[in-house]
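Student: Quick one: this structure, given as structure tokens, is what I'll be asking you about.
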Amino acid sequence: MGSLCFNDGVQDDRQPWWKAATFYQVYPASFKDSNDDGWGDLPGLISKVDYLHGLGVDCIWVSPIFESPQKDMGYDVSDYQKIYAPYGTIEDVDALIQTCHERGMKLILDLVVNHTSAEHEWFQESRSSRTNPKRDWYIWKPPRYDAGGNRQPPTNWRGYFAGSTWTWDEHTQEYYLHLYASEQPDLNWENAETREAIYEETMRFWLRRGVDGFRIDTVNKYSKRTEYIDAAVTDKNSPYQAAPEMWCNGPRIHEFIREINQVLAPFSAVSVGELSNTPDPKQVLPYVSTRARELDMVFEFSVIRLGNGDLFTGKYIYKPFTLSQLKALTEKWQCFIEGTDSWATVFCENHDNGRAVSRFGDTSTPELWRASARTIALWQATLTGTLFLYQGQELGMTNMPASWDISHYQDVEAVNFFAEAVASRNEQRIQATKHGLSILARDHARLPFRWNEDDNVGFTTDSAKSWMRIPREKGISVESQLGDRTSVLEFYREMLRLRKRFQGVFVFGTHTLLDRENESTWAYIKEGFLTTKDGHRMRGRALVVMNFTVERAPLVDVSAALGCAPESTRLMVTTACGAVRGAKDELSAWEGRIYCDFGPEICI
Ligand code: TEU
């Protein structure tokens, strides 16, 4: 014990860099403002790369920074090669790439190519006349008419942001398709010329400038079913129906993604695609099988969607869930790659969801907030796959305070869902939607990042100018947590270090869930290979056990769970600090621990 040793992945020399890497998503508008306009920017981000490096981040993913009218916070791009001026300039991107690379870090951008902004010149041309050469670059259809002779959209599909997926264009007398806001028209991927323009003007343009890959937005929606027929009626109260089977995982999707792969391959660029509405491993595997040469990784949303109501109409009607459901979904999306050549991702936050500690943890007191945020860190850092953190997760940032009223929600999705509830004049639905938004809305994750304890939280210099209101709670900032071993931030840093050090077990290991029906504690075994200093490869097992309640909970039989003699088990980590530490055989409120069976030849 105590001698230097290293412990790495199963086949470390053959694993690509991005498997054991920690990715960190930056939502640029809310990260760091450098020029006092209340809007985060690239120079601000550059000034904080050292902070991320120190945390243990290997790759930064920046949400869209391109020219955009910001109808959907930059997920509506009007020019893929220009930077939205409040974020900075293209030279700032070059500087960011350089800053990352100098530190051995990588940078990936957000690629939004299911749709453009309606202000993109491609769409401006497309809508200019029915005979314009770019008419077919988007999806245009003639109207239908009902029995009364009233004009109706081509299909009954409901869009993500409420209402129809079709908008009428007065000028050319046809409808265009948009799965999201009407200002986000869908590109027509059936057109080979359009695809080539996407590859050249979005992907290759940025790869040539040195970015290391892309997070690919809405990756499974490029191929739609081409019949354009009505979806089955599942919501009798609405003219518009959920229709993911019409535009998700369509007939040519794998062909299109293989083309994307061929564009990225010469640059050895990493790809992580956003794969919604696909909760079936059999459907997910073809996208991430190494042999298939499609995507390196995908985000599958079953875990992060827990609590959401029915995805379309009822998304913001909160649906309570149990710990055993969370366990089972985690297990499912851990184990689906076992025995395959595929790879998984690990995440519990992003810019489209409420904060993890407010959804899976307990924010009712500062002690419980801290304990549960640290246990969430333990959970995430011990899972198999590539880990993605979202800005502020490492501080235990929470949802907006309950006292903030509905006017603080700015996101197009929240605004439209609330307006739809109000229009229904159903008071129960209005209240339920408010409640759901207070837990699940996308706005929560978009509040400014908290650098210090000042009124402006170090995000900007005048909080009155901040594009989103800044909450005043104390203790959730880099300044207040840095160097404090009991903090959420320092615990993340420690866990990221351990995750790397024992990556054979935590990043690459197998996952076995124990005691699945237990609604208080969560226990699983991670098992994989470790390498000792003298190059000897050996099996290692770790038991992760977490109390997901405020009550003390009995500890499982550690040596039985690890399958070794009691004297061979070692306590590797506990989330609890000082006085709140549980007894030997009992976990305190929200305490998490890791025990391992690594012998003395592996130093911890
Ligand atoms: O989201 C795609 C998407 O369909 C959802 O999974 C997403 O969570 C959203 O909340 C819709 O309900 C991506 C982006 O992540 C999101 O921010 C954009 O609004 C969307 O694409 C459109 O570009």
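Student: Check the range 477-492 and report whether any residue there is at pLDDT 95 or above and in a strand (DSSP E or B).
Tutor: Looking for residues that are at pLDDT 95 or above and in a strand (DSSP E or B), one finds none in the range 477-492, hence no.
Student: Quick one: how many residues across the range 288-298 are of a type outside the set (Asp, Glu), under 21 Å from Glu331 (Cα atoms) and open to solvent by 30 Å² or more (accessible area, probe 1.4 Å)?
Tutor: 0
Student: Restricting attention to the range 329-342, and to residues there that are in a helix (DSSP H, G or I) and crowded, with 20+ Cβ neighbours inside 10 Å, which single residue is nearest to the ligand (Cβ to nearest atom)?
Tutor: Trp333
Student: Sort through Ser129, Ser182 and tell me the only one that's of a type outside the set (A, V, I, L, M) and away from the ligand (no atom under 16 Å from the Cβ).
Tutor: Ser129 is the lone residue from the list that is of a type outside the set (A, V, I, L, M) and away from the ligand (no atom under 16 Å from the Cβ).
Student: Please determine whether any residue of the range 108-128 is more than 34 Å from the chain's Cα centre (by Cα) and part of a loop (DSSP other than H, G, I, E, B).
Tutor: Yes.
Student: Now, a different point. Is there a residue in the range 405-417 that is within 30 Å of Val545 (Cα to Cα) and either part of a helix (DSSP H, G or I) or open to solvent by 50 Å² or more (accessible area, probe 1.4 Å) (or both)?
Tutor: Taking every residue of the range 405-417 in turn, none turns out to be within 30 Å of Val545 (Cα to Cα) and either part of a helix (DSSP H, G or I) or open to solvent by 50 Å² or more (accessible area, probe 1.4 Å) (or both).
Student: Of all the residues that make up the range 94-115, how many are within 16 Å of the ligand (Cβ to nearest atom) and polar (S, T, N, Q)?
Tutor: 1
Student: If a residue must be open to solvent by less than 20 Å² (accessible area, probe 1.4 Å), within 16 Å of the ligand (Cβ to nearest atom) and among the hydrophobic types (A, V, I, L, M, F, W, C), how many such residues does the range 307-328 contain?
Tutor: 1
Student: Now a separate question. Considering the range 339-388 alone, what residues qualify as being among the aliphatic types (A, V, I, L, M) and under 24 Å from Met468 (Cα atoms)?
Tutor: In the first step, residues of the range 339-388 are kept if they are among the aliphatic types (A, V, I, L, M); the result is 344, 346, 356-357, 368, 371, 373, 376-378, 381, 383, 387.
Answer for the range 339-388, where residues must be among the aliphatic types (A, V, I, L, M) and under 24 Å from Met468 (Cα atoms): Ala356, Val357, Ala373.
Student: Let me ask something else. For the structure I just gave you, tell me whether Leu368 is assigned to a helix (DSSP H, G or I), over 29 Å from Tyr409 (Cβ atoms) and away from the ligand (no atom under 16 Å from the Cβ).
Tutor: Considered against the rule, which asks whether it is assigned to a helix (DSSP H, G or I), over 29 Å from Tyr409 (Cβ atoms) and away from the ligand (no atom under 16 Å from the Cβ), Leu368 comes out as no.
Student: For the range 260-287, give me each residue that is more than 16 Å from the ligand (Cβ to nearest atom) and crowded, with 18+ Cβ neighbours inside 10 Å.
Tutor: Ile260, Val263, Leu264, Ala269, Val270
Student: With (1) part of a loop (DSSP other than H, G, I, E, B); (2) within 25 Å of Val288 (Cα to Cα) as the list, and Thr202 as the residue in question, which single condition is left unmet?
Tutor: For Thr202, the exception is condition (1).
Student: Just for the range 41-69: of the residues that are over 23 Å from Trp17 (Cβ atoms) and away from the ligand (no atom under 16 Å from the Cβ), which one is surrounded by the most Cβ atoms within 10 Å (Cβ to Cβ)?
Tutor: Of the residues in the range 41-69, the ones over 23 Å from Trp17 (Cβ atoms) are 41-44, 47, 64-69.
The next check asks that each one be away from the ligand (no atom under 16 Å from the Cβ); those that pass are 41-44, 47.
Numbers: Asp41: 25, Leu42: 27, Pro43: 17, Gly44: 23, Ser47: 13.
Restricting to residues being over 23 Å from Trp17 (Cβ atoms) and away from the ligand (no atom under 16 Å from the Cβ), the top hit is Leu42.
Okay, residues lined up against (1) aliphatic (A, V, I, L, M); (2) at negative phi; (3) in a loop (DSSP other than H, G, I, E, B):
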residue	(1), (2), (3)
Tyr524	no, yes, no
Gly535	no, no, yes
Arg539	no, yes, no
Leu543	yes, yes, no
Thr549	no, yes, yes
Lys584	no, yes, yes
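Student: Just to be sure I understand, how many residues within the range 141-192 are open to solvent by 20 Å² or more (accessible area, probe 1.4 Å), of a type in the set (Asp, Glu) and in contact with a Lys or Arg (Cβ under 9 Å, 6 or more places away or on another chain)?
Tutor: Total satisfying the criteria: 3.
Student: Residues to consider are Ile198, Ile229; find the one that is β-branched (Val, Ile, Thr) and farther than 29 Å from Ala265 by Cβ.
Tutor: One residue alone meets the criteria, Ile229.
Student: Hey, among the residues in the range 361-389 that are under 21 Å from Phe336 (Cβ atoms) and of a type outside the set (A, V, I, L, M), which one's surrounded by the most Cβ atoms within 10 Å (Cβ to Cβ)?
Tutor: Taking the candidates together, the pick is Thr382.
Student: Can you tell which of Glu567, Glu601 is at pLDDT below 95 and assigned to a helix (DSSP H, G or I)?
Tutor: Only one candidate passes the filter, namely Glu567.
Student: Does the range 70-84 contain any residue that is within 16 Å of the ligand (Cβ to nearest atom), in contact with a strand residue (DSSP E or B) (Cβ under 9 Å, 6 or more places away or on another chain) and among the small types (Gly, Ala, Ser)?
Tutor: Yes, some residue in the range 70-84 is within 16 Å of the ligand (Cβ to nearest atom), in contact with a strand residue (DSSP E or B) (Cβ under 9 Å, 6 or more places away or on another chain) and among the small types (Gly, Ala, Ser).
Student: Somewhere in the range 116-123, is a residue more than 16 Å from the ligand (Cβ to nearest atom), open to solvent by 20 Å² or more (accessible area, probe 1.4 Å) and either touching a Cys at 6+ places or on another chain (Cβ under 8 Å) or among the polar types (S, T, N, Q) (or both)?
Tutor: No, the range 116-123 contains no residue that is more than 16 Å from the ligand (Cβ to nearest atom), open to solvent by 20 Å² or more (accessible area, probe 1.4 Å) and either touching a Cys at 6+ places or on another chain (Cβ under 8 Å) or among the polar types (S, T, N, Q) (or both).
Student: Could you please find all residues in the range 288-302 being in a loop (DSSP other than H, G, I, E, B) and either touching a His at 6+ places or on another chain (Cβ under 7 Å) or more than 13 Å from the ligand (Cβ to nearest atom) (or both)?
Tutor: Ser289, Thr290, Arg291, Ala292, Arg293, Glu294, Leu295, Asp296
The values are calculated or read from the model by the stated rules, or taken from the named source; none is laboratory data. Worth saying up front: this structure is predicted, and the values here are computed from it rather than measured. So basically every Cβ, Gly included, is an ideal-geometry build from the backbone, and we count neighbours across all protein chains shown. Heads up: the accessible areas ignore ligands, DNA and RNA and are worked out on the full protein's heavy atoms, side chains in. Shrake-Rupley method; radii C 1.70, N 1.55, O 1.52, S 1.80 Å.
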